[in-house]
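The values are calculated or read from the model by the stated rules, or taken from the named source; none is laboratory data. Keep in mind the model is a prediction, meaning the values are calculated, not measured. Cβ sites come from the backbone with ideal geometry, for glycine too, and all protein chains shown count toward neighbours.
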Amino acid sequence: MSYIGSHILDRELKKGSAELLILSLVEDRPRHGYEIGQLIELRSRGVLHFNVGSLYPLLYRLENRGWIRGRWVEKPGQRRRRYYRLTAAGEKVLAAQRNNWRDFVQAITRVTGVAHA
Amino acid sequence: MPDFKDKIRARLADLKLSPARENEIIEELSQHLEDQYEQLITRGATEDEAYQTALLDLNQSDLLEPELRRIERRVHHEPLGMGADRKSHLLGDLWQDLRYGLRMLLKNPGFTAVAVIALALGIGANSAIFSVVNTVLLRPLPYKNPERLVMVWEDNSKQGFPRDTPSPANFMDWRDQNHVFESAAALVEISFNLTGAGDPERIDGQRVSASLFSLLGVEPQLGRAFRAEEDQPGGNHVVIISHGLWQRRFGSDPGIVGKPINLNGESFTVVGVMPRTFQFPTRRDQLWVPIAFNAKEAGERGNHYLEVIARMKPGVTLQQAQAEMTTIATRLQQQYPETNTSIGAVVTPLHEHVVGDIKPALLVLLGAVAFVLLIACANVANLLLARAAVRQKEIALRLALGAGRARLIRQFLTESVLLAALGGGVGLLLAVVGLNVLKRFIPPNISQAHAIAIDAKVLIFTVLVSLVTGLIFGLAPATQAANFNLNDTLKESGRDSAAGSRGNRIRGLLVISEVAVSFILLIGAGLLINSFLHLRNVDPGFRAERALTMKIVLPETRYADKEQRGIFYRELIRRVETLPGVISAAVATNLPLTETGNSVGVSIEGRADPAPDRVPIVITRIISPRYFETMGIPLLKGRAFAEEDKAESPAVVVLSETTARKFWPGEDALGKHIKIGPTNSPNRWLTVVGVVKDVRQFELVVEPKPQMYLPFTQANFFEPRALVVKTNLEPLSLAATVRKTVWEIDKDQPVSDIASMENIVSESVARQRFSMLLLGIFAGLALVLAAVGIYGVMSYSVAQRTREIGIRMALGAQRADVLKLTIGQGLKLVVTGVAFGLAAAVIMTRLMSSLLFGVSATDPMTFVTISFVLVSVAVLASYIPALRATRVDPMFALRYQ
């Protein structure tokens, strides 16, 4: 991966897609911030990386809108961590954003013809 | 492990988050960085590399602060938490409002003091009067099921006695024939000379039916109530004494029951002691003996002297009881036409009888203090409005920062309720002090007067009044704040804004209502003062100055016949008249204004006996020779009595002028004859030898009724019991000497009710003085408050119009013009207020017509005078601010803002 490529993706795509990424990741179970950051990097094979300064404001904003809900959880032998889970409102937003994203990607594909044959 | 917390904290420092939230974010972010650090280490990085990489991740983004600022601020102001969280915010807000309000009040001590004083006066007056009303009118009588207790009267309206005291025979028929009462009891006043152990003493008490105590549902504290057999002649030498008498005279002797005491020279056995709180019918009564009618009394139908109390059966209404009694009375009319023609029966609640005629006065006073409080409210509302104008900047700022209007209203109301609570607290203190003063003016014959105090009910009343007060006077400023136009205020100075002119309108309305309400109060007070002056100017028919009076009742057991009593009186008068400083002395049955009763029916020589209900009734006084000169009653015609009018001399009588005129209109009464009883009765004919001026015998407010005087040597029914001494000294300074003189003649003879005649007169108008004094005080208070209110509004308005006035003066307006303008503005408000007050007063003063004497409820003099007083005060109150307006320096005013 080139630094520039990743940087551009960072700036342009994160804006529209970051919310979708996070909502998807807490869909099946609650996760804490570090785990979310790790999963994004892992599943995007290192293409996407959120640093601390942008990940957490994002989480707080989503929480603020009532789409996810954070809660401090203490597990035996560990420090307490803040786990975020999807709320009912968040589920609806996630469904809508997925559809939008699919439409968007299909539109891009049709225009650029980059698609798999 | 390196510490990232400080690095994070440094980046968050500018955000000024709440400490708790800041710590949370730091904890979460540092955990993230630590996790990253550890992962880098496990992948083989050096500690320093790992630390630098993690730090880079934190520092790479400059979005952290702006993002957080946007999100967290909003979190702070609009908490997402719903439901359960809301309540804690309400409470939290309240606490915040309270603290804020308290700070605002402390910051303006002058404003706070004025407001609290005004409210304290209003609330204190309300609490004080309410505690009187509570005790006297509201508290149930201290008897079992008191709502079922009634008084039963004879209705003799034909002769002017709609509630006459029943006769024994009528009472017994009522008692035996009715089906509506559980029981009925009769009582009649009696007093005894209590002798043995200590000074002889006159004790007031009652002869009562044996059933009285069980009827009331009160048990003696010691011993027992009377038995039925003790209510028979011969078995009645038993007595129940009051707690007070037991303590005072018998040293609270626990073994008193069964012991004999000496009453009127006879031995009575004490069978009971009543509880401390028991008083019946009045506090004066200290002992009770069985009424035990003898055969003669039991047959009396034409002598009316009992009081009758009855307990209605459960479920019987007053109307049912009245209907039944009317039926019985009608039957008795047919059965005994001689005595019972046109005599009905009236049933009235005991409570009404006990509360008596103080009720209208108390209700008027309660209304008056409510008015005073309203005026105080208007004043404080004015102050708050003026202050709200000053606080426009603060309100604008808070609105701009996102405070909701509802929240602002709440803040304002919290402040005013806080103010009212302070006022209520101080007011309660004032009420405690005021009540102690008030008690001295409460007429002594008011039931329960001694029990008046601030109790739980009064406290609750005060708290409620304070709360409501705070809401009332807080509402105007609060709604004004809520309707506040943010843009106008930010654009302009706020001085000329729409909110300002609406504020002026509200302030104007408040002044108008203040003036109207104080006008009503002043009219009420004016009418009462006028009545009282009339009352004091009533000619009672005698001269009260420098006359000493006392009661000396000779017991029949010691002075069995008229001869002995005559010897005592003559000796007493002779000895008293030799005392230094004494001009003359006399005895009489009843002194004016002390007791009612002693009236007889008479017949006139040469005229047929009228129908039983048309017999002329004449108040009769039995007197010694120099009574008229001692009492200062002017002799109009003929002569007074003299030593020569002995028992065996021709029977004589002196009439009052009204009697003489009524009996022989246009003729000379002297030498004419009347007789007590019908013409064919065995009584002697009495020759009229003199005519004296009318005396107001019963009450100053009652027009004199027919009255006559008989010499004590010749009359053999009523006995003299009062001594009156005319002196050139201070009357009461003579009391001890006179009493000693009595004891020189008979060491066992009690003397009681020592008073100067002036005292008796002034006591007889105690109720009127009480109402007049209080209403006068409250009206004065209202006037002062209203004046302060007008002054405040005018000062504020002048301050607001400084610039306008400056321009006018710069354009050539003279001081007189400015004065006219400013005072005119105040006058307009006041005259409008007076007009409204006038209209309301015409209606409202009618409610107090029963308290008035000699003036009509719409007395034009009072209305004109009060209007004049109020307008003058108002002009004065607006003159001072107006004067200030004329001193405005045009240059300063123009530059000013």
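What to note about this one:
- For residue B:575, the criteria (1) farther than 16 Å from residue B:711 by Cβ; (2) crowded, with 19+ Cβ neighbours inside 10 Å; (3) not aliphatic (A, V, I, L, M) hold in every case but one, which is (2).
- Scanning region B:150-185 for residues that are in a loop (DSSP other than H, G, I, E, B) and either within 14 Å of residue B:325 (Cα to Cα) or not assigned by TED's automatic domain parsing to the domain that holds residue B:314 (or both) returns B:166, B:178, B:179, B:180.
- Near pairs, Cβ below 9 angstrom, 6+ apart or cross-chain, from region B:205-233 (on the phi > 0 side of the Ramachandran plot) to any residue that is of a type in the set (S, T, N, Q): B:217/B:145
- Residue in region A:11-31 that is facing chain B (nearest Cβ under 9 Å), of a type outside the set (Phe, Trp, Tyr) and either touching a helix residue (DSSP H, G or I) at 6+ places or on another chain (Cβ under 8 Å) or buried (at least 16 other Cβ atoms within 10 Å of the Cβ) (or both) present: no
Rundown of residues vs (1) farther than 21 Å from residue A:70 by Cα; (2) modelled with pLDDT of 50 or more; (3) touching an Asp or Glu at 6+ places or on another chain (Cβ under 7 Å); (4) not in a loop (DSSP other than H, G, I, E, B), yes/no style:
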| site | (1), (2), (3), (4) |
| --- | --- |
| B:44 | yes, yes, no, no |
| B:49 | yes, yes, no, yes |
| B:52 | yes, yes, no, yes |
| B:57 | yes, yes, no, yes |
| B:62 | yes, yes, no, no |
| B:67 | no, yes, no, yes |
| B:76 | no, no, no, yes |
| B:85 | no, no, no, yes |
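- Taking the criterion of being of a type outside the set (A, V, I, L, M, F, W, C), surrounded by fewer than 18 Cβ atoms within 10 Å (Cβ to Cβ) and farther than 26 Å from residue B:544 by Cα, the residues of region B:684-721 that qualify are B:684, B:687, B:716.
- When residue A:99 is tested against (1) farther than 19 Å from residue A:40 by Cβ; (2) surrounded by 11 or more Cβ atoms within 10 Å (Cβ to Cβ); (3) among the polar types (S, T, N, Q), only condition (2) is not met.
- Restricting region A:39-58 to residues that are more than 10 Å from every other protein chain (Cβ to nearest Cβ) and assigned to a loop (DSSP other than H, G, I, E, B), the residue that is surrounded by the most Cβ atoms within 10 Å (Cβ to Cβ) is A:48.
- Residues within region B:585-617 that are more than 26 Å from residue B:729 (Cβ to Cβ), buried (at least 16 other Cβ atoms within 10 Å of the Cβ) and more than 38 Å from the chain's Cα centre (by Cα), tallied: 7
- Any chance residue B:147 is within 34 Å of the chain's Cα centre (by Cα), under 27 Å from residue B:279 (Cα atoms) and surrounded by fewer than 17 Cβ atoms within 10 Å (Cβ to Cβ): yes
- In region B:31-75, the qualifying residues are those that are buried (at least 16 other Cβ atoms within 10 Å of the Cβ) and of a type in the set (Asp, Glu), and the one that is nearest to the chain's Cα centre (by Cα) is B:72.
- Count of region B:5-26 residues which are surrounded by 13 or more Cβ atoms within 10 Å (Cβ to Cβ) and in contact (Cβ under 8 Å) with a residue 12 or more places away in the chain: 12
- Close pairs (9 angstrom Cβ cut-off, 6 or more residues apart or separate chains): over 18 Å from residue A:27 (Cα atoms) in region A:93-106, part of a helix (DSSP H, G or I) and of a type outside the set (Phe, Trp, Tyr) anywhere: A:104/A:16
- Just one of the listed residues (B:141, B:94, B:149) is more than 30 Å from residue B:344 (Cα to Cα) and not β-branched (Val, Ile, Thr), namely B:94.
- For region B:305-321, a residue qualifies if it is free of Cβ contacts under 8 Å to residues at least 40 places away in the same chain and surrounded by 18 or more Cβ atoms within 10 Å (Cβ to Cβ), but none of them does.
- Complete set of residues in region B:1-19 that are assigned to a helix (DSSP H, G or I) and within 12 Å of chain A (Cβ to nearest Cβ): B:7, B:8, B:11, B:12, B:15
- Filter pass, residue A:94 being away from every other protein chain (no Cβ under 13 Å) and not in a helix (DSSP H, G or I): no
- Selection status of residue B:829, at pLDDT 85 or above, within 30 Å of residue B:128 (Cβ to Cβ), among the aliphatic types (A, V, I, L, M) and part of a helix (DSSP H, G or I): no
- Test: residue in region B:32-52 that is touching a residue at least 40 places away in the same chain (Cβ under 8 Å), more than 8 Å from chain A (Cβ to nearest Cβ) and hydrophobic (A, V, I, L, M, F, W, C): no
- The listed residues are A:61, A:69, A:79, and the only one of them that is within 14 Å of chain B (Cβ to nearest Cβ), in contact with a helix residue (DSSP H, G or I) (Cβ under 9 Å, 6 or more places away or on another chain) and in a helix (DSSP H, G or I) turns out to be A:61.
Here is a yes/no grid of residues against (1) within 19 Å of residue B:189 (Cα to Cα); (2) among the polar types (S, T, N, Q); (3) over 31 Å from the mean Cα position of the chain (by Cα):
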| position | (1), (2), (3) |
| --- | --- |
| B:258 | no, no, yes |
| B:261 | no, no, yes |
| B:266 | yes, no, yes |
| B:276 | no, no, no |
| B:285 | yes, no, no |
| B:311 | no, no, no |
| B:339 | no, yes, yes |
| B:342 | no, yes, yes |
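- Looking across region B:636-655, the residues that are of a type in the set (Gly, Ala, Ser), assigned to a loop (DSSP other than H, G, I, E, B) and buried (at least 16 other Cβ atoms within 10 Å of the Cβ) come down to B:640, B:651.
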